[in-house]
Amino acid sequence: MEDAITTLMVKSSTKPRTGRSRAQDVDRHVGARLRQRRFVLGLTQQQIAELIGVSYQQEHKYEKGVNRIASGRLYQIAQVLGVEVSYFFEGIGSDDAFKATQQQRLLLELARSFISIPVRQHQEALCSLARALSDSEAEP
């Protein structure tokens, strides 16, 4: 009888536990989407944390998928970030995770910087400079 119990215990402990790992994958995906949206909006983790009423550390754990986001909190985050809750689940299960290229990162940084230029003439000057530089690259 003890052998049967020992065998049963060994078999049950060696079974692969796929349920929790799949849940962790979802948590990581939702966290990655949170980080992606925060990045697009140009917000820091501290700013998001303050907007949703959690600590910086908690927001960081949400983004890493270490801590699961409760449905009410996810709704609140969606409201703060200006997206639907479904945004966080888009692309789930696909292997096509978005990876921004260096050029895309630079373009986003340029757009953020451009928006923060307070003088309209400076914005126009920057556009003229970009046009001039792109035209000079096209010439041999």
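Values in this text are rule-based calculations from the coordinates and carry no lab data. Keep in mind that what you see is a predicted model, and the values were worked out from it rather than measured. Every residue, glycine as well, gets a Cβ built from its backbone with ideal geometry; the counts of neighbours run over all protein chains shown.
The table for this structure:
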item: Added length on full extension, which subtracts the Cα-Cα distance from 0.36 nm per residue, Ser94 to Phe39; result: 17.7 nm
item: Stretchable slack from Ala132 to Ser55, in nm (0.36 nm times residue separation minus alpha-carbon distance); result: 23.1 nm
item: Ranked Tyr75, Tyr62, Tyr87, criterion: other C-beta atoms within 10 Å, fewest first; result: Tyr75, Tyr87, Tyr62
item: Theoretical gain in end-to-end length, Val66 to Glu84 [0.36 nm per residue, Cα-Cα removed]; result: 4.2 nm
